Amino acid sequence: MLSKTLLPLLSLATLAVAAAPPSRRSQCSNSKYTAENLKCCVWYEILDDLQENVFDNGQCIQEAHEALRLTFHDAIGFSIKDNVKGGADGSIMAHSDIELLDVANGNIDDILNHIHPLAIKYPVSFGDFIQFTGAVGTANCKGAPRLEFLAGRSNSSVAAPPGLIPAPFQDVTTILARMADATFSPEELVALMASHSVAARDAIADPSQHARPFDTTPDAFDAQFFVETLLVGKALPTGGSTLGESPSPILGEIRLASDGLLARDPRTACEWQSFVTDHEAMNRKFKAAMAKLAVLGHDRASLHDCSEVIPMPKRGAGQQAVFPPETSIKDIEQSCKSTPFPILKITPGKQLVLPIVPSA
Ligand code: HEM
Ligand SMILES: *[C@@H]1O[C@H](CO)[C@@H](O)[C@H](O)[C@H]1NC(C)=O
């Protein structure tokens, strides 16, 4: 039995262990950087190069959005059913000549062309480079979570077969089955869709218009996307019919058909709606699902943690989701049966017409 005199000593000792040790940084050899883990030194060099030369000095520009999309398109080349083991292996870059033939990889060439010169400049694998670039691009968007980054993926890969990337014209059953085959639950898919809060679609029909946003705040990682996808659709932004798009509530806004369906399907609608007023849960669940996505096809234990290199994202100013001007609860197509749609502020002013998203 412990004596009474020993107890205070013990609890003091426990306290000392529990307090976080001051982070110790060491000087990297051959560079001006310091790192907590010297294995991560190279990533500080890559960070500066990316921020300066791809993300226009650390901005949440289109290249940042494309870099996040690329992490998904590389990693989702994984299938239990078809025994495809690659996952986040860099194959989309190493075998771009094959993988870019898949129509679901439309416009992926843009970001690959931007980052390939950097990926071959440093002694790191393509798989690591893609996940790192996506985590940095995401961190440039205000309100985003700071994603985990693990390094150490092998640089060898084989081309992923076509058909593994979900398409915007697919129904919810097809998309959920594909995601389940890559180990993701419907809730995890909804969390991953937070990525579409910083997203746009290249205007293929009119090349002079670079890209059209999925929500009214494409430079902020916020819940606005989860509101706007539930508003009644009024018109297609380009007036015509584009495969995989459905009418959006705001002129100039793109609604992917799949996003509209996922927002309304009984299997996903309540999780979708829950993010409208819970930015913290949206970020936490997105971060967890991204951590899983980034190591698909790998044994986590074989990688080392270089999350220390990922910049701390800026907090968003107003992270409260709102109804865009001239929309209200009356325009919400209530799809979660168990919980009423939350009360949100209506933005004053006239109906919005969204501008195209500029690129660097
Ligand atoms: C049901 C699953 C999904 C479908 C059908 C889908 C489809 C699409 C489509 C068609 C685009 C437009 C691309 C373009 O024309 O430029 C897009 C953009 C984007 N997607 Fe997805 N996506 C899905 C899931 C995801 C996931 C899981 C992520 C990331 C974790 C993601 C991240 C993005 C981002 C960031 C963009 C914006 C790219 C840009 O602005 O250039 N998507 N998505
Ligand atoms: C990774 O492989 C690609 C070819 O797929 C090559 O161009 C690149 O230099 C390799 N990187 C390293 C660090 O070996």
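Coordinate-derived values only; no laboratory data. None of these values were measured; they are calculated from a predicted model. Virtual Cβ from ideal backbone geometry, glycine too; neighbours counted across all protein chains shown.
Over 31 Å between Cα atoms, which of K234/K287; K39/K285; K81/K287 qualify? Exceeds cut-off: K234/K287.
Taken along its three principal axes, the alpha carbon spread of region 115-224 comes to 39, 33, 31 Å, from the longest extent down to the shortest. Centre-to-centre separation between the Cα atoms of region 47-69 and those of region 263-284: 27 Å. Axis of helix 279-294 versus longest Cα principal axis of the chain: the two differ by about 70°, to the nearest ten degrees.
The angle between the Cα long axis of helix 126-139 and the main principal axis of the chain comes to about 70°, on a 0 to 90 degree scale. The long axis of helix 41-53 is offset from the longest Cα principal axis of the chain by roughly 30 degrees.
Run a plain Debye calculation on region 262-360 (Cα atoms as equal point scatterers, no solvent) and give log10 I(q)/I(0) at q = 0.16, 0.25 Å⁻¹, rounded to two decimals, same order as the q list. With one equal scatterer per Cα and no solvent, log10 I(q)/I(0) is -0.98, -1.34.
Each label was represented as a point 7 Å from its Cα along the Cα-to-Cβ direction; for D331 and Q59 these points are 2.8 nm apart. Treating each Cα of the chain as an identical point scatterer and ignoring solvent, apply the Debye formula and state log10 I(q)/I(0) at q = 0.07, 0.12, 0.14 Å⁻¹. Log10 of I(q)/I(0), two decimals: -0.33, -0.89, -1.17.
By the rule of a C-alpha distance below 14 Å, with chain neighbours fewer than 8 residues away ignored, the aspartates and glutamates paired with K345 are E228, E326, D331.
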